[in-house]
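Each value in this text was obtained by applying a stated rule to the coordinates, not by laboratory testing. All of these numbers come straight from a predicted model, not from anything done at the bench. All Cβ positions, glycine included, derive from the backbone under ideal geometry; neighbour counts span all protein chains shown.
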Amino acid sequence: MNTKKRILVLHGWNATPEESWFLRVKDIFEPKGFEVIVPSLPGDYFPKYEDWVKVVKDFAPTQNDILIGHSLGGVTILRFLEETEVPVGQIILVATPIEAMSFGQIENFFFRDFNWSKIKSNVLKVNLIYESDDPLVPLAHGQTISEKLNAAIKVVPGGTHLNMMDMKVLEEIIDGK
């Protein structure tokens with residue numbers, strides 16, 4: 001059984017691991033003893049939720065692990081938690097939507113309402129990071145998730161859909177400072 005702390009970072013829709021802050025998680029947390037995986041999720045502009053959830057299933061997270069999802073990556077984590085029987089240690093959802101809004105290409109991720117009680121039972125700690133003026137995912141999405149999962153929400157100023165993020169925010173959440 002794996003006892004080393006691992007972090008899985010999932011990028012959002014139509015993105016790559018090389019964009020934004022995703023690979024910086026490796027730079028910061030691998031020297032602290034974490035194994036950090038930042039996979040390229042399949043499907044580009046037309047992703048399928050089953051393919052993305054399979055990436056998380058293949059990672060096989062345990063109570064030692066942290067899952068970080070940006071935008072649609074966060075939705076993927078929520079869908080995984082609906083299906084797993086093994087609780088995950090911590091999830092960090094960054095600018096995660098709860099509906100497709102007007103983006104038809106991602107509607108298959110929102111094929112039903114979320115099973116909030118199942119999600120809540122499959123994660124030990126939930127943290128949320130949202131921007132005050134996100135142009136794509138309104139803060140109300142984070143507030144809803146916060147209420148449904150009784151989760152802490154960190155609201156940072158800005159309007160970049162958290163494509164840029166002060167890594168100190170993640171460090172404080174993960175290091176518990």
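Each label was represented as a point 7 Å from its Cα along the Cα-to-Cβ direction; for E19 and E99 these points are 2.4 nm apart.
Using the Stokes-Einstein relation with a Kirkwood hydrodynamic radius computed over Cα pairs, the translational diffusion coefficient of region 11-89 at 4 °C and a viscosity of 1.567 mPa s comes to 99 µm²/s. Among 155-163, 48-56, the peptide with the highest mean count of other Cβ atoms within 10 Å heads the list, and the full ranking is 48-56, 155-163.
For K48, a cut-off of 17 angstrom between C-alpha atoms picks up these lysines, skipping any fewer than 8 places away in its own chain: K57. Annotation: extensible slack from S132 through K4 equals 42.6 nm (criterion: 0.36 nm per residue apart, minus Cα-Cα distance). The string of couplings for region 99-105 from the Karplus curve (6.51, -1.76, 1.60, θ = phi - 60°) is 8, 6, 6, 9, 9, x, 5 Hz, one whole number per residue in order, with x for Gly and Pro.
Take the Cβ atoms of V155 and K125, set R0 to 30 Å, and the FRET efficiency comes out at 0.95. For region 1-156, the Cα-based Rg and Dmax, in that order, read 14.4, 43 Å. Placing a pseudo-label 7 Å from each Cα along the Cα-to-Cβ vector at Q63 and S117 gives an inter-label distance of 2.3 nm.
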